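K.L.:
This is the structure I have questions about; it appears just below.
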Amino acid sequence: MHYFDYRNDELFAEDVPLAEIARRHGTPFYVYSARTLRRHFRVFDEAFAGADHLVCYAMKALSNLSILGLFASMGSGFDIVSGGELARCLRAGADPARIVFSGVGKTDEEIAAALGAGILMLNVESGPEMRRVSEVAGRMKKNAPVSLRVNPDLDPGTHPHISTGHRDSKFGVPLSQVFEYYAEARSLPNLDIVGLSTHIGSQITETAPFAEAANKVASIVERLRADGFALKHLDLGGGLGIPYQEEPPPPALYAKSLLEPLKNLGLSIIVEPGRVLVGNAGVLVTKVLYIKETDVKRFIVVDGAMNDLIRPVLYEAYHAILPVRRRAARSAVVADVVGPVCESGDFFARERELPEPESGDLLAVMSAGAYGFVMASNYNSRPRAPEILVDGSEAHVIRERETFDDLVRAEKLVILKTK
Ligand SMILES: *Cc1c(COP(=O)(O)O)cnc(C)c1O
């Protein structure tokens, strides 16, 4: 569900033609739909209405200040994975009491910043990290609210690079040792053990792995309670997929599969959706430069590239590609849609059937809101694309296109003497 639709064969973001944005701001650019973002947040939040819950948007999926501000204004909390993300969401108006801090490699500085801000809890993932959090909190004469991230050892059936709940993965503490870890946490000073957390992966398109994870953590929580741990929060992570090609379950079914095994525990439930809130709310618009034909293949060379959107090569991800203007009587061609970067991995689609475009046409790479701009780089000295947020008939520039000066801002030209 999103608000990118054709009107008279012109693709619009809400009430704004994408071609109009291209005329004004050039290509490539990212454009997000505020109406879609609001709707996704509301539908997701309402799916958990029956339970004491907090939605903490996993901001690594899309972290522009204006997007964070929009979610904060709707009451969203935030799942952060770095000190940079902490600073970013606070800048956008986040309530520190609704921030959870995930990740396997928190530094002393990041731990101190989180404790200083007064966040809801740190999800710790190893013994050494637990000891470090205890130490830093001690130095600050504070108690650190922590939950332990448990690796439930299951296969969520998603791409290996975005699967985190298998015991081979670096994430969480092993199921078999959970009780030892909790016992150690209890023995350390300056820790308040307030919860348990888990996160099994991303772009998961069935409910079964979520139900399995919920069942596993439910029995752990019961035993921990029997051992005298007063757990308040159960953080179930994120991971619900979006329809790139496959059809994931709607948020209501997802919520049911998570909540059913937990209904008698009386815990406050935290969920950390990333992709499902923002994925379909953004598209990347790019211009066709050349149609290149060899004796074996056809390439559509566009001005966007892997530095703008790396998901196709990083995760073998499928993104639908639509013409911004539909033309009648265009025959379909099969082509690779590729960018100008000097890498064979620089493609948005391979062997894709699409209406034959011509040089100058605009293409929309759909469902690019999540893990799109945030993973953009300056590889090949390409300035990062601007981000535009459409709200009804208004288009706001929420990040400008980078310039050459931006590219070299932190660099020093040191001219060495020839020896
Ligand atoms: C990445 C991540 C999420 C969000 O995953 P999505 O698939 O985008 O919903 C949630 N929690 C943690 C701990 C994460 O690392």
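K.L.:
Roughly what % antiparallel, to the nearest 5, for the DSSP beta bridges in the chain?
P.N.:
Given both bridge residues lie in the chain, the antiparallel proportion sits at roughly 50 percent.
K.L.:
Using every Cα-Cα pair within region 103-271, state what percent have a distance larger than 18 Å.
P.N.:
Pairs farther apart than 18 Å: 59 percent.
K.L.:
Can you compute the modelled spin-label distance between Val374 and Leu265, with each label point 7 Å from Cα toward Cβ, in nm?
P.N.:
2.4
K.L.:
A follow-up question, please. Place +1 on the Cβ of every Lys and Arg and -1 on the Cβ of every Asp and Glu in the chain, take the dipole about the Cα centre, and give the residue among Phe4, His40, Val414 whose Cα lies farthest towards its positive end.
P.N.:
Val414
K.L.:
Separate question: Within the set of other residues whose C-beta is less than 11 Å from the C-beta of Ser147, count the net charge using Lys and Arg as +1 and Asp and Glu as -1.
P.N.:
Here the charged neighbours net out to -1.
K.L.:
Given a cut-off of 25 Å, name the pairs among Lys232/Lys256; Lys106/Lys263; Lys106/Lys232; Lys170/Lys216; Lys142/Lys263; Lys216/Lys263 whose C-alpha atoms lie farther apart than that in the structure shown.
P.N.:
Lys106/Lys263; Lys142/Lys263
K.L.:
Per residue, how much accessible area does region 103-271 show when a 1.4 Å probe rolls over the protein heavy atoms, in square angstrom?
P.N.:
42
K.L.:
For region 319-419, what is the convex hull (Cα atoms) projected area averaged across all directions, in square nanometres?
P.N.:
Over all viewing directions, region 319-419 projects a mean Cα-hull area of 10.4 nm².
K.L.:
Let me have the relative contact order for the chain, percent, based on Cα pairs under 8 Å that are six or more residues apart.
P.N.:
19
K.L.:
Then there's this: Hey, what number do you get for the chain at 222 nm if only DSSP H runs of n ≥ 4 count, each worth -39500 (n - 2.57), divided across all residues, to the nearest 500?
P.N.:
-8000 deg cm²/dmol
K.L.:
Just order 271-277, 177-183, 151-157 by mean Cβ neighbour count inside 10 Å, highest at the front, would you?
P.N.:
Listed from highest to lowest mean packing, they are 271-277, 151-157, 177-183.
K.L.:
In what sequence, highest mean first, do 281-292, 352-363 appear when ranked by Cβ atoms within 10 angstrom?
P.N.:
281-292, 352-363
K.L.:
For His2, what charge total do you get from the other residues with a beta carbon under 15 Å from its beta carbon, if Lys and Arg give +1 and Asp and Glu give -1?
P.N.:
Summing Lys and Arg as +1 and Asp and Glu as -1 gives +1.
K.L.:
Give me the number: length gained by fully extending Arg23 to Val333, i.e. 0.36 nm times residue separation minus the C-alpha to C-alpha distance, one decimal in nm.
P.N.:
Extending this stretch completely gives an extra 108.9 nm.
K.L.:
Ok, one more. Compare the peptides 309-316, 321-328 by average per-residue count of other Cβ atoms within 10 angstrom and give them in order, highest first.
P.N.:
In decreasing order of mean packing, 309-316, 321-328 become 309-316, 321-328.
K.L.:
Separate question: With just the Cα atoms of the chain, tell me how far they stretch along each of the three principal axes, in Å, largest first.
P.N.:
Reported extents, whole Å, longest axis first: 70, 65, 42.
K.L.:
About its Cα centre, what dipole magnitude does the chain give when the only charges are +1 on Lys and Arg Cβ and -1 on Asp and Glu Cβ, stated in debye to the nearest 20?
P.N.:
With only Lys, Arg, Asp and Glu charged at Cβ, the dipole is about 860 debye.
K.L.:
If you don't mind, another one. What does DSSP give for region 103-271 in terms of the percent of beta bridges that are antiparallel, rounded to the nearest 5?
P.N.:
Antiparallel bridges: around 5 percent, rounded to the nearest 5.
K.L.:
Taking region 74-144 on its own, what percent of its Cα-Cα pair distances exceed 20 Å?
P.N.:
Counting every Cα pair in region 74-144, those more than 20 Å apart make up 22 percent.
The values are calculated or read from the model by the stated rules, or taken from the named source; none is laboratory data. Computed from a predicted structure; not experimentally measured. Here the Cβ is made from the backbone with ideal geometry for all residues, glycine too, and neighbour counts use every protein chain on show. Please note that ligands, DNA and RNA were not included when accessible areas were found on the heavy atoms of the full protein model with its side chains. Shrake-Rupley method; radii C 1.70, N 1.55, O 1.52, S 1.80 Å.
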